[in-house]
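The values are calculated or read from the model by the stated rules, or taken from the named source; none is laboratory data. All values derive from a computational prediction rather than experimental measurement. Positions of Cβ are generated from backbone atoms using ideal geometry, with glycine treated the same way; all protein chains shown enter the neighbour counts.
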Amino acid sequence: MVTLAELKKAYAGKRVFLTGHTGFKGTWMLQILARLGAIVKGYSLAPEHSYDLYNLIDGESLCHSSVINDIRDAERLRKEILYFEPDYIFHLAAQPLVLKGYEQPLYTFEVNTQGTANLLEAIRMLDKNCVNVLITTDKVYENKDNGTAFNENDKLGGYDPYSASKAACEIIISSYRSSFFNSEKKNSFIKPIASVRAGNVIGGGDFADNRIIPDIIRAIQRDEVIELRNPSATRPWQHVLEPLGVYLMLGAQLATSPYSYDTSYNIGPEDGDVLTVEDLTKMAIQLAGKGSYTVIDNPSKLHEAASLSLDIQKIKHELGWSPVYNSREAVAKTITWYLDTAHADIKCQTQINEYFKGSIDNADDE
């Protein structure tokens with residue numbers, strides 16, 4: 001696993017184009033990149049609420065420039081990328097919610113699938129070397145709920161529109177990689193493309209609807225009963241800093257060995273390190289010191305996979321990465337963030353320093 005000094009060497013003074021920079025994961029990523037000394041241009045929709053993490057930490061002040069626009073606007077996206085001339089692109093922009101995918105399937109396919117194609121086409125037009133890390137999800141696999149730990153060679157699929165849209169993203173990414181960006185093409189410019197399959201990310205500052213941690217926190221704060229749709233569902237919960245650290249490490253590796261890592265990778269906890277939704281809820285209630293829950297019996301509820309786990313041997317072997325936190329530690333870090341009364345930016349920076357074993361600002365001294 002790369003050190004902070006290596007990350008700072010890779011990103012300090014570099015131009016980084018970050019899509020989805022106003023979202024939950026994007027805001028955490030923006031904070032790390034700014035601390036590493038990167039010149040960040042964000043491209044995203046506006047935050048939905050005044051209390052979104054991006055607003056709480058004054059994300060605008062961390063950007064070299066911030067473009068508030070839709071990823072479906074191919075022409076504007078292309079112009080912004082070509083004008084900025086990035087050294088790195090991290091693509092986090094997405095419609096990220098399973099239930100919203102059921103409610104707005106066409107929008108979900110447009111944002112996730114066409115939006116990714118728009119980005120790749122802009123990269124194709126870019127006349128310079130550029131490292132590209134594109135984020136999909138752990139839900140890209142055809143999941144038959146048989147307890148399989150999916151590896152990167154397993155069949156892609158998607159029961160619901162969100163999962164299907166992300167599986168389609170992986171096919172589009174693979175097509176562009178094979179058609180335009182592989183080592184055999186001998187192009188004038190080196191533009192490696194990696195995709196990362198990470199999901200069930202938890203962490204402070206997530207206020208989205210229909211996500212388990214935000215739903216739990218809202219219910220506890222309002223002294224309401226927490227309602228669980230699928231209490232026995234198991235997920236590979238991981239703290240938000242785990243995938244973000246991998247994105248940065250992978251980007252740095254691609255910059256030095258572009259055709260050794262231009263592939264797909266799973267990111268998740270160690271094998272067997274999963275919690276049920278009910279286990280997670282009990283932990284949150286215990287940490288908060290109050291709260292209660294009930295199970296909603298809805299025979300017509302929308303389909304959600306009962307089990308999901310990932311095989312992470314590929315990234316452990318090829319990049320030497322292993323999770324820093326187990327699932328219980330990830331839950332504890334997350335709930336603690338919400339209970340802490342400090343300012344959001346301070347809470348985030350404290351946890352960033354803890355994860356990276358020291359202040360990023362002093363990385364050169366390590």
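Would you confirm whether or not segment 123-130 contains a residue that is in contact with a strand residue (DSSP E or B) (Cβ under 8 Å, 6 or more places away or on another chain) and either acidic (Asp, Glu) or surrounded by 19 or more Cβ atoms within 10 Å (Cβ to Cβ) (or both)? Scanning segment 123-130 turns up at least one residue that is in contact with a strand residue (DSSP E or B) (Cβ under 8 Å, 6 or more places away or on another chain) and either acidic (Asp, Glu) or surrounded by 19 or more Cβ atoms within 10 Å (Cβ to Cβ) (or both).
Among the residues making up segment 277-309, those that are under 18 Å from Tyr325 (Cβ atoms) and in contact (Cβ under 8 Å) with a residue 40 or more places away in the chain are Leu280, Met283, Ala284, Leu287, Ser309.
Screening segment 86-126 for helices (runs of 4 or more DSSP H) wholly inside it with 3 or more residues that are within 17 Å of Tyr43 (Cα to Cα) returns the ranges 115-125. Among residues that are over 18 Å from the mean Cα position of the chain (by Cα) and either part of a loop (DSSP other than H, G, I, E, B) or within 22 Å of Gly42 (Cα to Cα) (or both), Asn132 is not included. Of the strands (runs of 3 or more DSSP E) contained entirely in segment 174-272, those carrying at least 2 residues that are closer than 23 Å to Tyr293 by Cα fall at 226-228.
You will find that of Ala164, Ala208, the residue that is closer than 17 Å to Gly20 by Cα, under 21 Å from the mean Cα position of the chain (by Cα) and not aromatic (Phe, Trp, Tyr) is Ala208 and no other. Restricting the first member to segment 144-160 and to residues that are over 9 Å from Asp311 (Cβ atoms) and at pLDDT 90 or above, and the second to residues that are in a loop (DSSP other than H, G, I, E, B) and among the polar types (S, T, N, Q), the beta-carbon pairs closer than 8 Å and six or more apart or on different chains are Gly157/Asn143; Tyr159/Asn143. Reported count of residues in segment 43-57, each being acidic (Asp, Glu) and modelled with pLDDT of 95 or more, is 1. Based on this model, can you work out whether Leu45 counts as surrounded by fewer than 19 Cβ atoms within 10 Å (Cβ to Cβ), under 25 Å from Arg197 (Cβ atoms) and aliphatic (A, V, I, L, M)? Yes: the conditions hold for Leu45.
Per the listing Gln31, Gln114, the residue uniquely of a type in the set (S, T, N, Q), surrounded by fewer than 18 Cβ atoms within 10 Å (Cβ to Cβ) and either under 23 Å from Ile352 (Cα atoms) or modelled with pLDDT of 95 or more (or both) is Gln114. Going through segment 58-97 one residue at a time, which ones are modelled with pLDDT under 95 and surrounded by fewer than 21 Cβ atoms within 10 Å (Cβ to Cβ)? Listed by number, the list holds a single entry, Leu97. Just so you know, in segment 167-193 the residues that are of a type in the set (D, E, K, R) and under 22 Å from the mean Cα position of the chain (by Cα) include one that is farthest from Asn112 (Cα to Cα), and it is Lys191.
Pairing each residue of segment 67-84 that is within 16 Å of Thr116 (Cβ to Cβ) with any residue that is part of a helix (DSSP H, G or I) and of a type in the set (S, T, N, Q), provided the two are 6+ apart or on different chains, yields C-beta distances under 7 Å for Ile71/Asn118; Arg72/Gln114; Arg72/Asn118; Ala74/Asn118; Leu77/Asn118. Under the condition of being under 23 Å from Leu244 (Cβ atoms) and surrounded by fewer than 24 Cβ atoms within 10 Å (Cβ to Cβ), the residues counted in segment 139-166 number 4. A single entry from Asp279, Asp262 fulfils the requirement of being under 14 Å from Glu318 (Cβ atoms) and of a type in the set (Asp, Glu): Asp262. When you check Ile172 against the structure, is it in contact (Cβ under 8 Å) with a residue 12 or more places away in the chain and touching a strand residue (DSSP E or B) at 6+ places or on another chain (Cβ under 7 Å), yes or no? Judged against the criteria, Ile172 is not a match. For segment 326-337, state whether one or more residues are of a type in the set (Asp, Glu) and assigned to a helix (DSSP H, G or I). Yes - at least one qualifying residue is present in segment 326-337.
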